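I have placed the structure first, in the form of structure tokens, so that the comments after it can refer back to it.
The values are calculated or read from the model by the stated rules, or taken from the named source; none is laboratory data. The structure displayed is predicted, hence computed values, not measured ones. Every residue, glycine among them, receives a Cβ derived from its backbone with ideal geometry; neighbour counts consider all protein chains shown.
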């Protein structure tokens, strides 16, 4: 199983080119074959991607992978069926090729609904400033999230670190579907909105919105349910 991570900061004072040492150490234990970090910056946010690959199939593909449009993909999974992967091919490359060709939200959701096998992923969609992430329905690959600094930063990772206090604990990303965050609008709205698209095979027409509110000296999470 690979180690994948994305650290997101919405305040320039928290921008960093390195992960914390204990988190980086834990990630490297999951991926001994290659390690790489990639930084993507905008006026309003910074994303630090870190991936550590345990090579299982096809040609060794170093992650994070990036295309000519600036899209970034981190994959911890195996494709058993649903999407054709020839002998000798790498499923990370194949899935990223399909993902980069998706023209809209529906095509991304449809693509992951076809993947049969255990997976977790992080995908940065450069043109729209969206960050997509999620796990398969059975939660067979780990993915955790951690919010800190009064909502000014958060982190997604295959593995966490020991923290003190309940408010600082890493938590599993629900294996309910695909999450999406509009990174550019977060600073303007002062809340991190996590839009959840349920796995198509379970509830095809229901979307949940998780609102992570930012205010001076306090943090609050709200769950809003909108059914179509």
Exercise for the section: Could you please let me know if residue 22 is exposed (fewer than 13 other Cβ atoms within 10 Å of the Cβ), in contact with a helix residue (DSSP H, G or I) (Cβ under 8 Å, 6 or more places away or on another chain) and closer than 23 Å to residue 155 by Cα? Expected result: no
Exercise for the section: For residue 154, state whether it is modelled with pLDDT under 95 and either assigned to a loop (DSSP other than H, G, I, E, B) or touching a helix residue (DSSP H, G or I) at 6+ places or on another chain (Cβ under 7 Å) (or both). Expected result: no
Exercise for the section: Could you look through region 19-53, keep only residues that are assigned to a loop (DSSP other than H, G, I, E, B) and in contact with a strand residue (DSSP E or B) (Cβ under 8 Å, 6 or more places away or on another chain), and pick out the one that is nearest to residue 124 (Cα to Cα)? Expected result: 45
Exercise for the section: Select from region 76-98 the residues that are in contact with a strand residue (DSSP E or B) (Cβ under 9 Å, 6 or more places away or on another chain) and either closer than 15 Å to residue 32 by Cα or not in a strand (DSSP E or B) (or both) and list them in ascending order. Expected result: 76, 78, 79, 80, 82, 83, 91, 92, 93, 95, 96
Handout entry: Residue match in region 54-65 (condition: under 20 Å from residue 124 (Cβ atoms), touching a helix residue (DSSP H, G or I) at 6+ places or on another chain (Cβ under 7 Å) and touching a residue at least 40 places away in the same chain (Cβ under 8 Å))
Key = yes
Handout entry: Selected residue (criterion: surrounded by the fewest Cβ atoms within 10 Å (Cβ to Cβ)) from residues of region 126-145 that are closer than 26 Å to residue 70 by Cβ and more than 12 Å from the chain's Cα centre (by Cα)
Key = 127
Exercise for the section: Looking only at region 27-49, count how many residues are touching a helix residue (DSSP H, G or I) at 6+ places or on another chain (Cβ under 7 Å) and under 13 Å from residue 65 (Cβ atoms). Expected result: 0
Problem - Given (1) in contact with a strand residue (DSSP E or B) (Cβ under 7 Å, 6 or more places away or on another chain); (2) part of a helix (DSSP H, G or I), index of the condition residue 63 fails - result: (2)
Handout entry: Condition broken by residue 44, with the remaining ones in (1) surrounded by fewer than 20 Cβ atoms within 10 Å (Cβ to Cβ); (2) without any contact (Cβ under 8 Å) to a residue 60 or more places away in the chain; (3) over 19 Å from residue 99 (Cα atoms) satisfied
Key = (2)
Practice task
Please work out which one of (1) in a loop (DSSP other than H, G, I, E, B); (2) modelled with pLDDT under 85; (3) over 19 Å from the mean Cα position of the chain (by Cα); (4) within 30 Å of residue 185 (Cα to Cα) is the condition residue 16 fails and give its number.
Solution key: (3)
